[in-house]
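Every number in this text was worked out from the coordinates using simple rules, so none of it is lab data. Keep in mind that this is a model prediction, so the values were computed, not measured. Using ideal geometry, Cβ is built from the backbone for each residue, glycine included, and neighbour counts are taken over all protein chains shown.
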Amino acid sequence: MAISEFEIKRCERELEKFLEKNRPPAHVRAQVDLGYRITGQSVEIFEVRPGFRDPSKKTEISIAKTTYVKSKKVWKVYWMRQDLKWHSYPPVPQVRHLEEFLALVKEDENACFFG
């Protein structure tokens, strides 16, 4: 079951704050930028870059993902490994609030999200 419309709006507000603080400067955004997507119970943060072979097409590179588990009231945290599959984030596999997830991504202590 997807998260409620109210929760989606709250997530969007928090994600917009995160992007406002962490996006590259405006003059660089044509080359690299950040974006997010909310699908069902999941929130994904990704990098947007021009395509390698065709710079007119944009490429999305996944950075971090969190999925809300309503029965446990937690957000599970994932990171994209080299095999291009989502893996649980070992230092902190789950958090109680979306804001905690965004703080983990920003800190990136183990260089899992931004490398």
task = Quickly run through segment 76-97 and pick out the residues that are within 19 Å of C11 (Cα to Cα) and touching a Leu at 6+ places or on another chain (Cβ under 8 Å).
result = V77, V95
ask   = Right, Y36: in contact with a Leu (Cβ under 8 Å, 6 or more places away or on another chain) and without any contact (Cβ under 8 Å) to a residue 60 or more places away in the chain or not?
value = yes
remark   = Selection from segment 76-102 of residues over 20 Å from Q41 (Cβ atoms) and of a type outside the set (D, E, K, R) yields Q82, L84, P90, P91
key: Pairs, first under 24 Å from Q41 (Cβ atoms) in segment 1-29, second small (G, A, S) and exposed (fewer than 14 other Cβ atoms within 10 Å of the Cβ), C-beta under 6 Å, six or more apart   = A2/G40
Contacts under 9 angstrom Cβ, first residue in segment 61-74 being basic (K, R), partner outside any strand (DSSP E or B), 6 or more apart = K70/M1; K70/I3; K70/Q41; K73/R96
